[in-house]
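Each remark here refers to the structure printed beneath this line.
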Amino acid sequence: MPAPTWASQLINLGAALLLLSSFAMLSQRRILSLVNLFALQGAVLYVSTAIVAHTSGATHLYASALLSLILKVIVLPWILHRLIARLNVRWDTETQLNIPATMLVGIVIVVFAFALAQPIAQLSATVTRSTLGIALAVVLLSFLMMITRRKAVSQVIGFLAMENGLFFAATSATYGMPMVVELGVALDVLVGTLILGVFFFQIREQFDSLDLHHIERLRED
Amino acid sequence: MALLLLLAIPLVGSFALAVFGARRWAAELNAGFSVATFAAACALTARVIAEGPLLVAHEQFFVDPFNVFLIALTAFVGMTTSLFSRPYMRVEEAHGRVNRRRLRLYHSMYQLFCFTMLAALSTNNLGILWVAMEAATLSTVLLVSLYRTAASIEAAWKYFILCGVGIAQALFGTILLYFAAEKILGAEGSTALLWTHLDAVKGQLEPTVLGLAFVFLLVGYGTKAGLAPLHNWLPDAHAEGPTPISAVLSGLLLNVALYAVVRCKILVDGATHSPFAGHLMMGFGLLSVVLSAFFLWRQRDVKRLFGYSSIEHMGIITFAFGMGGPIANFAALLHMTVHSLTKSAIFFTVGHAAQKAGTQVMDDIRGLIAVSPTIGWGLMLGTLAILGVPPFGVFTSEFLVLVTAMREHAWATPILLLALALAFAAIFRRVQAMVFGDSQLKPLPHSPALLPVFAHLLLVLMLGVYIPPALAEWYRLAAKLIG
């Protein structure tokens with residue numbers, strides 16, 4: 001497909017930014033910055049989806065771009081900011097694995113993701129096929145972040161970042177899922193975040209802390 | 001029409017109970033909605049049997065012999081559980097473990113949970129299937145932490161995060177599936193996620209993409225079905241949530257998750273023309289059976305014990321679907337039915353036993369039969385049934401699975417047999433001690449509803465001795481469909 005080169009360049013730029021922000025999240029221990037990084041990811045996602053919509057002429061992608069703008073740049077960060085202010089959490093405690101080591105593992109993961117996505121990307125006819133590997137890398141990096149963090153809030157941000165990666169995979173490989181599915185996914189994410197908000201208060205009420213190592217009592221004995 | 005009712009009743013019920021859920025008669029209202037849902041499911045089943053598969057609402061909903069049997073089962077167990085939950089939750093309220101506001105949440109979410117499962121079963125759109133599965137997690141996560149104890153909040157958190165991560169993998173798998181399908185079916189009109197369309201062109205789908213997609217789908221939905229190694233959430237969620245929720249999680253949600261895996265497997269098999277997907281499922285299934293057999297020995301909490309037993313049975317079913325072929329599929333479908341009926345019956349009796357003893361620790365529950373013969377015998381018979389003692393239906397299905405395994409994958413048979421024997425010993429020694437012996441258990445303020453227990457066990461017994469020809473034909477049709 002003879003897509004305008006500036007568009008594919010911009011999308012590649014967006015993909016690079018997305019990957020970079022994932023690494024920034026991995027290394028960031030300040031929770032407020034994590035939320036801001038998450039909002040930045042949302043913004044990158046919005047711009048790149050809009051560009052894909054423009055070049056491909058798939059009108060329903062404009063709607064999903066708008067959806068990600070509203071949900072991921074405005075609503076979710078706002079909810080998270082309010083939660084952080086109410087719960088008064090600022091710093092994540094020491095991660096399970098120290099940060100340089102986490103970054104190294106992250107690099108290995110990116111290589112793995114690219115190797116995995118290679119055969120599939122060659123089949124793709126979309127302008128954005130080279131980004132599928134990055135999308136997979138973002139998903140796996142967020143997974144890594146969830147594993148290494150201890151605070152409930154940072155785990156949740158990892159969870160949401162994973163959803164960003166999935167969304168990016170959907171637009172980059174296929175020009176987006178059918179609208180009804182995207183609406184459903186967005187609804188699930190929103191409701192999930194609200195439930196987590198409820199959860200934070202329950203956890204706090206019970207444990208006087210959002211640190212998850214307090215709640216590791218249900219082990220196999 | 002029946003389908004519309006089937007989905008509308010629990011959805012309306014959820015809203016109605018969100019308003020009236022704190023009233024005295026909320027439990028009766030909840031049961032009423034569930035009975036109505038079951039009636040709609042019966043009507044739908046009768047229609048599908050009489051007129052064949054149903055494809056409605058711009059092809060968004062699809063009911064064939066495979067899912068109609070699960071819809072009927074889901075609605076039935078949903079109904080009996082709501083009947084059981086009425087006295088059970090009253091006792092919990094009398095014991096001061098829940099208040100009216102939490103009961104409102106409980107009733108409303110119970111109906112919503114039923115709705116999401118029925119939607120997941122009846123939809124033709126694989127994307128909507130994903131959305132409904134995620135919604136099923138979301139609707140139950142606050143129920144697991146209903147008692148607000150430290151352990152229950154931990155269990156709910158684990159449930160949410162593990163299932164959330166798992167289901168994110170499933171979404172990636174769905175995206176890959178869509179990616180492969182879009183090339184054949186085109187993105188316009190968005191038919192590329194409709195299962196019936198995918199099924200029609202499955203031979204043309206790109207095999208490498210589908211193979212990779214299946215790995216993600218199996219890990220994703222498999223997490224929800226409690227397959228090892230991502231099974232950690234299951235025993236916690238079963239032990240800490242209210243017992244009716246343990247019963248529907250174990251009896252229904254796990255089935256629905258497996259249903260999603262099998263639907264995807266049909267497509268992947270058609271595309272790859274290799275036993276790749278089946279082998280993967282057999283591996284996961286066997287791992288789950290073996291791991292849970294060992295973990296069963298270490299349990300002290302009765303609901304955790306039966307949670308691990310659910311993992312074991314999901315493993316057996318996954319293994320059977322993995323082997324494929326008419327007999328193994330028949331056995332897997334039968335096992336899904338009998339496991340779901342037996343396990344929910346066991347949870348009903350266990351729930352009341354734990355209420356009487358005031359604890360779920362097995363060492364402190366003694367002499368059930370002396371205090372309440374019906375609960376004691378219910379638990380004993382249910383346990384014997386789930387352990388595969390003839391003439392119960394679990395024996396029939398496990399026997400069929402073993403016979404097929406012996407013929408096609410002989411190496412797996414001793415492993416399976418050993419795991420089953422281990423599980424038998426682990427569970428039986430515990431339950432025997434709980435049922436017999438002296439007792440200081442106290443009577444309950446509300447008399448328990450034990451009709452569902454014996455209704456379930458009777459059905460399981462019947463399926464073991466005699467499967468009505470119509471039902472057998474139906475299983476055969478579904479088994480053939482799965483391939």
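Okay, here's what the table says:
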{"quantity": "Count of region B:144-164 residues which are at the interface with chain A (Cβ under 8 Å from one of its Cβ atoms) and not in a helix (DSSP H, G or I)", "calculated": "3"}
{"quantity": "Residue that is more than 10 Å from chain B (Cβ to nearest Cβ), under 21 Å from the mean Cα position of the chain (by Cα) and at pLDDT 80 or above, where the choices are A:Ala137, A:Ala186", "calculated": "A:Ala137"}
{"quantity": "Tally of residues being more than 23 Å from the chain's Cα centre (by Cα) and surrounded by 16 or more Cβ atoms within 10 Å (Cβ to Cβ) across region B:3-19", "calculated": "3"}
{"quantity": "Condition met for B:Phe61 (farther than 29 Å from B:Arg23 by Cβ, in contact (Cβ under 8 Å) with a residue 12 or more places away in the chain, touching a helix residue (DSSP H, G or I) at 6+ places or on another chain (Cβ under 6 Å) and not basic (Lys, Arg))", "calculated": "yes"}
{"quantity": "Unique residue being under 29 Å from B:Thr191 (Cα atoms) and either part of a helix (DSSP H, G or I) or of a type outside the set (Ser, Thr, Tyr) (or both) when the list is B:Ala16, B:Ala31, B:Ala43, B:Ala27", "calculated": "B:Ala43"}
{"quantity": "Pick from region B:211-269, criterion in a loop (DSSP other than H, G, I, E, B) and more than 14 Å from every other protein chain (Cβ to nearest Cβ), ranking: farthest from A:Glu163 (Cα to Cα)", "calculated": "B:Pro242"}
{"quantity": "Filter result for B:Val141 (at the interface with chain A (Cβ under 9 Å from one of its Cβ atoms), within 30 Å of B:Arg97 (Cα to Cα) and either at pLDDT below 85 or buried (at least 24 other Cβ atoms within 10 Å of the Cβ) (or both))", "calculated": "yes"}
{"quantity": "Those residues of region A:167-179 which are in a helix (DSSP H, G or I) and either closer than 23 Å to A:Leu19 by Cα or facing chain B (nearest Cβ under 7 Å) (or both), in sequence order", "calculated": "A:Phe167, A:Phe168, A:Ala169, A:Ala170, A:Thr171, A:Ser172, A:Ala173, A:Thr174"}
{"quantity": "Test: residue in region B:165-173 that is more than 10 Å from every other protein chain (Cβ to nearest Cβ), modelled with pLDDT under 85 and assigned to a helix (DSSP H, G or I)", "calculated": "no"}
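The values are calculated or read from the model by the stated rules, or taken from the named source; none is laboratory data. Fair warning: this is a prediction, and the values are worked out from it, not measured in the lab. Reconstructed Cβ throughout: ideal geometry from the backbone, glycine too, with neighbour counts over all protein chains shown.
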